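Heads up, the thing below is written out as structure tokens.
The values are calculated or read from the model by the stated rules, or taken from the named source; none is laboratory data. Computed from a prediction, not measured in an experiment: that's the story for all the values here. As a convention, Cβ positions derive from the backbone with ideal geometry for all residues, glycine included, and neighbour counts pool all protein chains shown.
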Amino acid sequence: MKPLRLYGDPFASGSAASALRAVLELSFRRGFRPSLCLSAIRAEKGTGQSVVELGNGVRTFAVATELTPAQIELLQRAASTPIPATAPVVVFAPRRFGDEMMSMAGLEWPRACTVRNGTLDSATATLDRIEAELRWAGTEDPAIASDLAELEAWAALPEPPEDGPVLHVGAEDPAAGSDIAVRAFLAACPDGDRMLRLVLPIGAEETAARLAALANELGGLAAVARLDFVLSPLDPMHAAGCSVILQPLRRLFAGDVLAQLLASGRPVVATRYHATAPALGAPGTCIPVGGMLVTGDDGLPLCEPDLDNVICGLQKALGDAVAARSIGLRARSHAVAELSADRPAAPPRKLPAVAKGEAKPVVVLEAPFFEVSSSAELSIETARALLRRGEVDLRLVPTAPFVADLDMLRQRAPELCSSLARDPKDVDLWLSTGWPPRSERPDCRTFALRIDWEYGALPTELVPLVAQEADLVVVHSRHVEKTVVAAGCAPSRIVRIPHGVDAALFSEQGAADQELLAWKGDLPLVLFVGGMVFRKGFDLLLRMALDAASRGARFVLCAKTVGHAQHYAGYHMADLAERFCKAKGAPPMRILNGDLTREQLAGIYRASDLLCHPYRGEGFGMPVLEARACGVPVLVTRGGSTDDFATGEGTVGIPSVRRAIELNGAHLGQPWVLEPNAGRAGELLEQSLRTLPQLRASARQAAASVQRTFSWDAAAIAIERLAAAKAPLAAPVDVQLSQKPSLAAL
């Protein structure tokens, strides 16, 4: 196998695009397996007579082009061809963007055996060099893997039908979870004629009889009739007519089987814990099932799946065919990229440099640095503080998808660009941020997960990861800390590190936004910062504004929205805002949708007279802290995460009560939010506006204390202490295992 990843825009004009197309055409003739990386394509609005549709299961788009039909056919083949993640990457970039695209390609494919510039040589010379690189690299096998030929046979299966059987591949060992598969199937599909196909080894008649007896116990002969036993070595045709694959594993009994099932294009519902995370860890490639690490009757650890989570996962896969197909397509690409046996070897581990004196601890911050989000912003500020202090050797690992690029980070925090790393080694502390959390343990001494969750009870799929496997769980508020403790995580493994504010930026000193000042005139400005969504209480904000206006308050309202086109796309309340603006007696409202620099955001706070944040669920509440640092009074929900820093002088609390809510999937308890008292909220807004001079004076007095107490340096110091610890604070996970009765009775 000679895999080759092409990174560039074949639809652009210029020599780089021509070189890419030339290498692509020649690579097919020379026996390579070329794949086109779609993230580098920027010409989605090209010109030409033909429209090309490209897709890889994750990204799909159309490009107008003048390319010939033969060229288009080659590009489409390459775009839909998955190859191992360690394959060599050849970058085709215009001269002025060459270094930057080389860096981005290396960050996106951190374990590629080589990353080369494809515009420096002819197509023949480029492929000669790649062949030499492949020979030098050698090969490796992932922990869970299958031969590429086997994966291709599974990947060649047709699309799954919507009403086909559910497939389970079992074994005579109860650790395969076949009994759970039967229970979950009959609970998720109590009626109808859908079948559960159980593929068992030849000679497993006794196991089949026990499973049939279990089905009879649960649902009688009608339930037994819905079990289709196949005693045979696993073959792709066993999955051909199936819609979903169900693998509630207690223990990984065959790694190649899991890789093959993922390659089938069917959504896989499977137990995810440390043994299966190398295969099931990539977001969106499976429907993960959580459980609890326990000790089996053989003394070895296993993961007991949560039955409710298995049932919910199966119902999710069967209930949404479009989403299930998307998961299956991503899993197919993931299986080839990450689970191919005999793939090119990643670059060898570099020997640590010999340093004078005592070496600094190596800290990795893993976060979505190339997107506009709170996770990215908070991680950038943390990284800046760590770099400024200079007490650790800092490495930054960006996570996909790459919505932005190096230019965005360079404008935001240029000093961080040199800390970006492809595949860090010899790491003392690896702190991973983002949602969903990283489930596969990285190569490090201490693995820490940052958890933000606003709904009171964690999803079951996050155990045993949060409760048992991660060495440390980092939270930023007491509210989230209680949620993690309730999930079964020992308090000794939880570290609370509040976020900070840049006191030089978020303060009373500095210019206010002149446009907002001119717009509001003599009226007080009430500011809302956040998504226009239920959780942030945007609907409550509008109701409060109408109520306060009806009580005689005169003011203007400004909403600085976030996540409008990304995280909250499709369910924000823009329509409600439009109706509000047309409502009789509503105060004037201005909506700011665009991206702002931190300086511009600080100017908006300084132009405001009151921040109103009637949230239902918050993991921290950064806008409340930033407003307080700027000396702006806040009207905020009581009882949640902001109680850590938004009580006392300059704050007004909205009373709230817990409200149970229904969320998709299984959770470790009943999810809930805080429901602010809507009747009192409008009254409190009117009172706050009436007493605004006194409220502002007390808020200004408290600002300096807020800035001192909540600083990014304080957050950095806490991380430095974790990195300096000689061993993880938690005991190894196998020491914490609870005992489980013998599996013989299952």
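Could you tell me which of the residues 194, 251 is crowded, with 18+ Cβ neighbours inside 10 Å, farther than 22 Å from residue 336 by Cβ and of a type in the set (Lys, Arg)? Spell out how you get there, then give the answer.
Details: 194 fails: crowded, with 18+ Cβ neighbours inside 10 Å.
The unique qualifying residue is 251.
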For this session: Identify the residue in region 18-48 that is modelled with pLDDT of 95 or more and within 12 Å of residue 93 (Cβ to Cβ) and, among all such residues, is surrounded by the most Cβ atoms within 10 Å (Cβ to Cβ).
Result: 20
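Could you look through region 286-328, keep only residues that are among the acidic types (Asp, Glu) and not in a strand (DSSP E or B), and pick out the one that is nearest to the chain's Cα centre (by Cα)?
Step one: of region 286-328, the residues among the acidic types (Asp, Glu) are 297-298, 304, 306, 308, 320.
Remaining after also requiring not in a strand (DSSP E or B): 297-298, 306, 308, 320.
On the way: 297: 36, 298: 36, 306: 22, 308: 23, 320: 21 Å.
Residue satisfying both the conditions and the ranking: 320.
For every residue, the table says whether it meets (1) without any contact (Cβ under 8 Å) to a residue 40 or more places away in the chain; (2) closer than 19 Å to residue 259 by Cα; (3) among the polar types (S, T, N, Q).
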residue: 75; (1), (2), (3): no, no, no
residue: 87; (1), (2), (3): no, yes, no
residue: 96; (1), (2), (3): yes, no, no
residue: 107; (1), (2), (3): no, no, no
residue: 121; (1), (2), (3): yes, no, no
residue: 126; (1), (2), (3): no, no, yes
residue: 134; (1), (2), (3): no, no, no
residue: 144; (1), (2), (3): no, yes, no
residue: 160; (1), (2), (3): no, yes, no
Exercise. Is it true that some residue in region 215-224 is within 22 Å of residue 309 (Cβ to Cβ), surrounded by 19 or more Cβ atoms within 10 Å (Cβ to Cβ) and assigned by TED's automatic domain parsing to the domain that holds residue 246?
Worked result: yes
Seminar exercise, completed: Checked against (1) modelled with pLDDT of 95 or more; (2) within 28 Å of residue 300 (Cβ to Cβ), residue 255 satisfies every condition except (1)
For this session: Pairs only if they're at least six apart or on different chains, beta carbon under 6 angstrom, first in region 587-610 and in the same structural domain as residue 630 (by TED's automatic domain parsing) and surrounded by 14 or more Cβ atoms within 10 Å (Cβ to Cβ), second assigned to a loop (DSSP other than H, G, I, E, B) and aromatic (Phe, Trp, Tyr); list them, first residue then second.
Result: 587/555; 602/506
Seminar exercise, completed: Flagged pairs (Cβ under 7 angstrom, 6 or more apart or on separate chains; first in region 444-471, at positive phi; second outside any helix (DSSP H, G or I) and among the aromatic types (Phe, Trp, Tyr)) are 456/672
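Could you tell me whether any residue of region 582-599 is over 28 Å from residue 715 (Cα atoms) and in a helix (DSSP H, G or I)? Break it down stepwise before answering.
Restricting attention to region 582-599, the residues satisfying the condition of being over 28 Å from residue 715 (Cα atoms) are 582-594.
After this cut, where a residue has to be in a helix (DSSP H, G or I) as well, the list is 582.
Yes: one or more hits.
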Exercise. On the given criteria, is residue 105 in a loop (DSSP other than H, G, I, E, B), out of contact with any Gly (no Cβ under 6 Å at 6 or more places or on another chain) and crowded, with 22+ Cβ neighbours inside 10 Å?
Worked result: no
Exercise. Where residues in region 118-162 are among the hydrophobic types (A, V, I, L, M, F, W, C) and assigned to a loop (DSSP other than H, G, I, E, B), which of them is farthest from residue 242 (Cα to Cα)?
Worked result: 120
Exercise. Does residue 212 fit the bill of being in the same structural domain as residue 276 (by TED's automatic domain parsing), under 24 Å from residue 276 (Cβ atoms) and touching a residue at least 12 places away in the same chain (Cβ under 8 Å)?
Worked result: no
Exercise. Quick one: which of 557, 542, 527, 516 is under 18 Å from residue 614 (Cα atoms) and assigned to a helix (DSSP H, G or I)?
Worked result: 542
Problem set entry | Any hit, region 497-510, residues being under 23 Å from residue 301 (Cα atoms) and in a loop (DSSP other than H, G, I, E, B) | no
For this session: Consider residue 177 carefully, then state whether it is in the same structural domain as residue 303 (by TED's automatic domain parsing), under 28 Å from the mean Cα position of the chain (by Cα), surrounded by 15 or more Cβ atoms within 10 Å (Cβ to Cβ) and of a type outside the set (Phe, Trp, Tyr).
Result: yes
For this session: Taking the residues in region 377-399 that are in contact with a helix residue (DSSP H, G or I) (Cβ under 7 Å, 6 or more places away or on another chain) and among the small types (Gly, Ala, Ser) as candidates, determine which candidate is surrounded by the most Cβ atoms within 10 Å (Cβ to Cβ).
Result: 383
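Please indicate, with yes or no, whether at least one residue in region 642-655 is closer than 30 Å to residue 464 by Cα and crowded, with 22+ Cβ neighbours inside 10 Å. Reasoning before the result, please.
At the first step, the residues of region 642-655 found to be closer than 30 Å to residue 464 by Cα are 642-644.
This time we only want the ones that are crowded, with 22+ Cβ neighbours inside 10 Å, so: 642.
Looking through region 642-655, at least one residue is closer than 30 Å to residue 464 by Cα and crowded, with 22+ Cβ neighbours inside 10 Å.
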For this session: Say whether the condition of being charged (D, E, K, R), over 21 Å from residue 1 (Cβ atoms) and either modelled with pLDDT of 90 or more or in a loop (DSSP other than H, G, I, E, B) (or both) is met by at least one residue in region 72-85.
Result: yes
Exercise. Does region 359-376 hold any residues that are crowded, with 20+ Cβ neighbours inside 10 Å, in contact with an Asp or Glu (Cβ under 6 Å, 6 or more places away or on another chain) and in a loop (DSSP other than H, G, I, E, B), and which are they?
Worked result: 361
Problem set entry | Looking only at region 270-285, and only at residues there that are of a type outside the set (A, V, I, L, M, F, W, C) and part of a loop (DSSP other than H, G, I, E, B), the one that is nearest to residue 181 (Cα to Cα) | 272
Exercise. Mind checking which residues of region 519-536 are touching a helix residue (DSSP H, G or I) at 6+ places or on another chain (Cβ under 8 Å), free of Cβ contacts under 8 Å to residues at least 60 places away in the same chain and over 30 Å from residue 662 (Cβ atoms)?
Worked result: none
Exercise. Tell me, which residue of region 1-17 that is farther than 22 Å from residue 137 by Cα and under 29 Å from the mean Cα position of the chain (by Cα) is surrounded by the most Cβ atoms within 10 Å (Cβ to Cβ)?
Worked result: 8
Problem set entry | Every pair of residues 6+ apart whose Cβ atoms lie under 6 Å, when the first sits in region 4-31 and is at positive phi while the second is acidic (Asp, Glu) | none
Problem set entry | Pick from region 90-102, criterion touching a helix residue (DSSP H, G or I) at 6+ places or on another chain (Cβ under 6 Å) and surrounded by fewer than 22 Cβ atoms within 10 Å (Cβ to Cβ), ranking: farthest from residue 22 (Cα to Cα) | 100
For this session: Name, by its number, the condition in (1) closer than 24 Å to residue 719 by Cα; (2) among the hydroxyl-bearing types (Ser, Thr, Tyr); (3) at pLDDT 90 or above that does not hold for residue 340.
Result: (1)
For this session: Quick one: which residue in 430, 435 is within 21 Å of residue 107 (Cα to Cα), surrounded by 24 or more Cβ atoms within 10 Å (Cβ to Cβ) and not basic (Lys, Arg)?
Result: 430
For this session: Check whether at least one residue in region 478-495 is crowded, with 22+ Cβ neighbours inside 10 Å and within 30 Å of residue 597 (Cβ to Cβ), and report yes or no.
Result: yes
Problem set entry | Single residue of region 448-484 satisfying the filter (within 18 Å of the chain's Cα centre (by Cα), of a type in the set (Asp, Glu) and assigned to a loop (DSSP other than H, G, I, E, B)) that is farthest from residue 637 (Cα to Cα) | 452
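Residue-wise test of (1) of a type outside the set (A, V, I, L, M); (2) in the same structural domain as residue 295 (by TED's automatic domain parsing); (3) farther than 15 Å from residue 395 by Cα; (4) touching a strand residue (DSSP E or B) at 6+ places or on another chain (Cβ under 9 Å).
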| position | (1), (2), (3), (4) |
| --- | --- |
| 429 | no, no, no, yes |
| 438 | yes, no, yes, yes |
| 460 | yes, no, yes, yes |
| 491 | yes, no, yes, no |
